[in-house]
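J.: The structure under discussion is supplied below as structure tokens; questions concerning it will follow.
Here, each number is a calculation from the coordinates, and none is a lab measurement. In this text, all values refer to a predicted model and were calculated from it rather than measured experimentally. FYI the Cβ positions are ideal-geometry reconstructions off the backbone, even for glycines, and counts take in every protein chain you see.
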Amino acid sequence: MQRFAALCLAVAALSVGGTASADVPPQVTPGADVYSGYAAVAPSFRVLTAHWKQTAVTCPPSDLSGLAGGVTNTVMTGASMLRIPGLLAVPEGLAGTLFIPHVAMWIGMVGMNGATDRNLIQTGTSTLCAGGVAHNMGFFETPSFSDQAGEPIPDADAPGVQWETPPTDPGDDITAAITWDGAATYRLTLADTTKGWQYGATHQSRVVPTAALTVFESIPYNVPGFTPVTFTDITADGKPLAAYHPQPLTISSPRISPTPLSDNSFTVPAP
């Protein structure tokens, strides 16, 4: 199964980052209400890491509920095709982003590419619902607000940019890292230490990452059931993420806010 959520992530990436001062919080527009977690800013970030346990998702028994949730989200939040540049050219992205119940847990770096285009470099795990069944997967993604097609290059031994095999099951320990070399190379790694696999991917970009995110993602009015997710060992350039005074982010409906960030840990409660 494809992970369609990248298109939504590219939209929210437009709203976060792009400032040169760690004293100024990320500017998040009202449309960026698909995350529960934290976003920090700095002149640049070189290394971002985090750990979490894969959540257990309870999918609605019928895909019709996802359709209803997607319609409600579009009406209530205005997350329509016209507000998502590039999405009209990718109809399946629209369907996946708005109408397939899903969750994702990931870390990401965000940077500007010119005056209006933001790039998101991210890796993590996600769960998509189809026919009442939860499909767990790992992924590497590098969407841009202007170019929905960009993807990193996975290592030769990696299953691809998203994969269900080898599996990631609920309760598995996940660790993720993104490293920027200060020039034009991003290195993404994702590991399931419970299953014993680790994969990597490389992305070439001269975008300077000025925002760092650790988040749980889902679409308002279309959030499936899930068990609480605790992110731990969240560090940016070797410091606890809390050292950057990050801004909390909240999913709008149902309202899902992260617990206070304590050093390098927080929990996203179940809805």
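J.: Just order 194-205, 48-59 by mean Cβ neighbour count inside 10 Å, highest at the front, would you?
T.: 48-59, 194-205
J.: Related question: Can you list residues from other chains, or at least 5 along the same chain, whose modelled amide H is less than 5 Å from the amide H of Val208?
T.: Sorted by chain and number, the residues that satisfy this are Met112.
J.: Using packing as a proxy for protection, rank 231-241, 123-133 so that the peptide with the highest average count of other Cβ atoms within 10 Å comes first.
T.: Those peptides, ordered most packed to least, come out 123-133, 231-241.
J.: Hey, can you grab everything whose amide H is under 5 Å from the amide H of Ser253? Only 5+ residues off in sequence or another chain; H modelled, so Pro and N-termini drop out.
T.: Tyr221
J.: Percent relative contact order of the range 190-271, based on C-alpha pairs within less than 8 angstrom and at least six residues apart?
T.: 28 percent
J.: Based on the Cα atoms of the range 181-271, what semi-axes does the equivalent ellipsoid have, where each is the square root of 5 times one gyration tensor eigenvalue, given in whole Å with the largest first?
T.: Calculated on Cα positions only, the semi-axes equal 26, 18, 15 Å.
J.: Read phi for every residue in the range 221-238 and hand back ³J(HN,Hα) as whole Hz from Karplus 6.51 cos²θ - 1.76 cosθ + 1.60, θ = phi - 60°, with x for Gly and Pro.
T.: Once θ is set to phi - 60°, the couplings for the range 221-238 become 6, 9, 8, x, x, 7, 7, x, 10, 10, 8, 10, 6, 7, 10, 10, 6, x Hz.
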